[in-house]
Ligand SMILES: [Zn+2]
């Protein structure tokens, strides 16, 4: 397996245009809220003792500094072997459910793998927290998927790429 992980933090800039009826400022807030909730109630139950989500390090105006979680699936060219991926996706799912974060942006660029084979989920701009969608578009999207369907979708995307 050849996955390069930079240990340094990285600064995330948010896209400026509206997405699903949300402003960039609202999406930044959703991401901050999600990461803080996950940090507070985090438990890794898959046996890897991994960090499956980025840690929020700083907030500066329209930018946040978060930990680097490795490479996204779209950037990994080699065939990779990952320890118990089903358990890892279940662990991610359990954390999201515990924190009541419905993750509505499942795609290969948002799934990362580090050099230890830890799977993580990044990019929390398109989410519904605590069953309270902040736009009508998010409300519609939220209705389409259950927590379990999101987990299955993430796992399917992962399988296609590995
Ligand atoms: Zn875990």
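The values are calculated or read from the model by the stated rules, or taken from the named source; none is laboratory data. The shown structure was predicted, so the numbers you read here are calculated from the model rather than taken from an experiment. Here the Cβ is made from the backbone with ideal geometry for all residues, glycine too, and neighbour counts use every protein chain on show.
Only residues that are over 16 Å from the mean Cα position of the chain (by Cα), surrounded by fewer than 17 Cβ atoms within 10 Å (Cβ to Cβ) and either within 16 Å of the ligand (Cβ to nearest atom) or part of a strand (DSSP E or B) (or both): list them for segment 10-40, please. Answer for segment 10-40, where residues must be over 16 Å from the mean Cα position of the chain (by Cα), surrounded by fewer than 17 Cβ atoms within 10 Å (Cβ to Cβ) and either within 16 Å of the ligand (Cβ to nearest atom) or part of a strand (DSSP E or B) (or both): there is none. Could you list, in sequence order, the residues of segment 41-60 that are within 14 Å of the ligand (Cβ to nearest atom), touching a residue at least 60 places away in the same chain (Cβ under 8 Å) and within 15 Å of the chain's Cα centre (by Cα)? If the condition is that a residue be within 14 Å of the ligand (Cβ to nearest atom), touching a residue at least 60 places away in the same chain (Cβ under 8 Å) and within 15 Å of the chain's Cα centre (by Cα), then 50, 51, 52, 53 are the ones that fit. Consider segment 98-110 and keep the residues that are touching a helix residue (DSSP H, G or I) at 6+ places or on another chain (Cβ under 6 Å) and over 19 Å from residue 69 (Cα atoms). The one that is surrounded by the most Cβ atoms within 10 Å (Cβ to Cβ) is 101.
The residue that is nearest to residue 161 (Cα to Cα), among those in segment 61-73 that are away from the ligand (no atom under 16 Å from the Cβ) and in contact (Cβ under 8 Å) with a residue 60 or more places away in the chain, is 73. Where helices (runs of 4 or more DSSP H) sit wholly within segment 61-162, those with at least 3 residues that are under 16 Å from the mean Cα position of the chain (by Cα) occupy 85-98, 147-161.
Among the residues of segment 111-162, the one identified as free of Cβ contacts under 8 Å to residues at least 24 places away in the same chain and in contact with a helix residue (DSSP H, G or I) (Cβ under 7 Å, 6 or more places away or on another chain) is 133. Residue-level check: of (1) crowded, with 17+ Cβ neighbours inside 10 Å; (2) at pLDDT 95 or above; (3) touching a helix residue (DSSP H, G or I) at 6+ places or on another chain (Cβ under 7 Å); (4) more than 22 Å from residue 157 (Cα to Cα), residue 64 misses just (2).
Residue 78 passes every criterion in (1) within 16 Å of the ligand (Cβ to nearest atom); (2) closer than 18 Å to residue 112 by Cα apart from (1). Can you name the residue in segment 76-91 that is touching a residue at least 60 places away in the same chain (Cβ under 8 Å) and in contact with a strand residue (DSSP E or B) (Cβ under 9 Å, 6 or more places away or on another chain) and, of all such residues, is nearest to residue 153 (Cα to Cα)? Per the criteria, the residue is 89.
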